[in-house]
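Attaching a single structure in structure tokens format; questions to follow.
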């Protein structure tokens, strides 16, 4: 996450098991983001010089690293597009559709209080919107699952 001048914070990336994070720090003299573990996590730290040397000497690893960075760029672009949707209702519905499996089920791997800032919404707005969508029978909710209708 990055802390903004107004005191708020924005989530820039959500890393999951096996993902890298803070790769941009490889090519920056300073890096102005914080990694926050929302769940119990183990993190391996790889020093800059050995990593760059390994990438320099291994084309296959370099291509895999580039592919991962490309995936992150696509995800950031998607996040920007999502935040340009003004309606909280539509923003949440688009997010749910993109996360859903072919049966329209979204299995949550983190709480709504963590997802909300990723959407650029407060958790209160997310909970109110989920309640309205449930009342409108647009979705059904269980503990860690949402079924789009």
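The values are calculated or read from the model by the stated rules, or taken from the named source; none is laboratory data. Here the structure is a predicted model, which is why all the values come from computation and not from measurement. Glycine also receives a Cβ, built like all others from the backbone with ideal geometry; neighbour counts cover every protein chain displayed.
Within the stretch 101-137, track down each residue that is crowded, with 16+ Cβ neighbours inside 10 Å, in a loop (DSSP other than H, G, I, E, B) and in contact with a strand residue (DSSP E or B) (Cβ under 9 Å, 6 or more places away or on another chain).
Within the stretch 101-137, just 120 meets the criteria.
Do you know which residues across the stretch 138-149 are assigned to a loop (DSSP other than H, G, I, E, B) and loosely packed, with under 14 Cβ neighbours inside 10 Å?
Step one: of the stretch 138-149, the residues assigned to a loop (DSSP other than H, G, I, E, B) are 138, 143-144, 149.
Matches in the stretch 138-149: 143, 144, 149.
I'd like to know if the stretch 79-86 contains one or more residues that are touching a helix residue (DSSP H, G or I) at 6+ places or on another chain (Cβ under 8 Å), in the same structural domain as residue 16 (by TED's automatic domain parsing) and more than 30 Å from residue 141 (Cα to Cα).
no
Same structure again: Please enumerate the residues belonging to the stretch 2-16 that are surrounded by 13 or more Cβ atoms within 10 Å (Cβ to Cβ) and farther than 16 Å from residue 41 by Cβ.
The initial filter retains those residues of the stretch 2-16 that are surrounded by 13 or more Cβ atoms within 10 Å (Cβ to Cβ), namely 2, 9-15.
The answer is 2, 9, 10, 12.
For the stretch 22-66, which residues satisfy the criterion of being assigned to a helix (DSSP H, G or I) and surrounded by fewer than 10 Cβ atoms within 10 Å (Cβ to Cβ)? Let's see the steps before the verdict.
Filtering the stretch 22-66 for residues assigned to a helix (DSSP H, G or I) gives 23-27, 48-57, 59-66.
Those that are assigned to a helix (DSSP H, G or I) and surrounded by fewer than 10 Cβ atoms within 10 Å (Cβ to Cβ): 27, 49, 50, 57, 59, 60.
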